[in-house]
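Notes follow once the structure below has been shown.
Read-outs throughout are calculated quantities, based only on the coordinates presented, and are distinct from any laboratory measurement. Bear in mind that the values here come from a model prediction, so they are computed numbers and not experimental data. Because the Cβ atoms are built from the backbone with ideal geometry, glycine has one as well, and the counts that use them run over all protein chains shown.
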Amino acid sequence: MPISDFIKPMLVLVLVSLAAGVLSVSIGSTAIDLEDTLRVLTGGGGALQQTLILELRLPRTLVAFATGGLLAVAGALMQVLLRNPLADPYVLGLSGGAAVGAMLAMLAGVAGFLVSGSAFAGAMLATLLVFGLAHGSGSWTPSRLLLTGVVVAAGWGAVITLILSMTPAGRLPGMLYWLMGDLSRATTPWPGLVILVLVCLLVFPLGRALNVLARGSLQAAALGVSVRSLEWFIYLMASLLTAVAVTMAGAVGFVGLVVPHMLRLVLGNDQRLILPACAFAGGTLLMLADTLARVVIAPEQLPVGVITALIGVPTFLYLLYRSR
């Protein structure tokens, strides 16, 4: 791949992400014009504007970017692994498994790293269930994969309902809102951003192997790719990304489905470009969705998962129609 074919789209995505971020921190219950927003972001502005942007809106915007990027890259990896454009952490039940793990940790009274670890264990278990049951004794098919993912996701939904029924009444509203995808309490974006950067750095050198794996495991093995170890690596990375995203923002759906597919339509199917592009495009999508969620019924706020579902459901149905 020529370096210009990589730099040009990435530069466009970076600029669009920056523009979406500036828009996100400037729009809210108290609007701030672009000039004042840029002044605050460069170290100036009044005390009230600095508090509003730097302490309230900017952390939420960065969490939205990190969560969207994590989910989009996880979706792209799952689609390579399963060789199906309909694969997605939400549709295949990974988000549900991560949510169950995180909720069980919350009910146990733990916090921080243990919640993320529990979410990772739940996402990994969901991945293994879907992969093992959909594969069976033959190869994957779109219908078998989707059916398995829907059934596993429904099972996680039942477990979530059971957990909610056992949750004390005082904690129930917060957990319900979190399950719909909630960024209103997001204050610490750095763990998600660090994980996103590290995973992209780890995956980028494997772009050629992922391109071959996307064409089939037999062909990849014939060309010298260590298929089994690469598949396990993708399992771990997709589960880790989903777990961190769920821990930060709850179960935000369909980002991992919409973003990789749209990028492939525009940029082709080279994973060396698609995976880092997913990080920026997914982050941009969720920043814009969160901005819309904050203003559509202002001063009240919608869960960002509602906005992504309104975008993702029609896209999923369209992809399902095309795959017939």
Given charges at beta-carbon only (K, R positive; D, E negative), |dipole| of the chain in Debye: 740
Highest-MSF residue in the chain out of 125, 241, 77 [GNM, Cα springs under 10 Å]: 125
Global form of region 55-132, assessed from the alpha-carbon gyration tensor, a/c cut-off 1.5: oblate
Net charge contributed by nearby residues that have their C-beta within less than 14 Å of residue 273 (K/R +1, D/E -1): +2
Residue among 288, 86, 202 with the largest mean-square fluctuation in a Gaussian network model of the chain, springs linking Cα atoms under 10 Å: 202
Burial ranking of peptide ranges 264-271, 162-169 (average Cβ count within 10 Å, highest at the top): 264-271, 162-169
Formal net charge of residues neighbouring residue 49 (Cβ-Cβ distance under 12 Å; K, R +1; D, E -1): -2
Span-rule helices in the chain, defined as complete DSSP H runs reaching 18 Å or more along the axis (Cα) with Kyte mean at least 0.5: 3-26, 58-82, 94-107, 113-135, 142-166, 190-203, 227-249, 271-295, 304-322
Matching label, Rg and Dmax of the Cα atoms in Å computed from the structure shown, candidates (1) 23.3, 76; (2) 20.4, 69; (3) 19.6, 65: (3)
Selected from 40, 64, 240, residue furthest toward positive end of dipole (the chain; charges at beta carbon): 240
Within-13-Å neighbourhood charge of residue 145 [Cβ basis; K, R +1; D, E -1]: +1
In Hz, Karplus ³J(HN,Hα) per residue of region 215-224 (6.51, -1.76, 1.60; θ = phi - 60°; x = Gly, Pro): 8, x, 5, 5, 5, 4, 5, 5, 8, x
Exposure proxy order (Cβ contacts within 10 Å, fewest to most) of 297, 274: 297, 274
Under 5 Å, built H, 5+ apart or other chain: amide partners of residue 254: 90, 91
Choice from 221, 74, 309 with maximal GNM fluctuation in the chain (Cα, 10 Å cutoff): 221
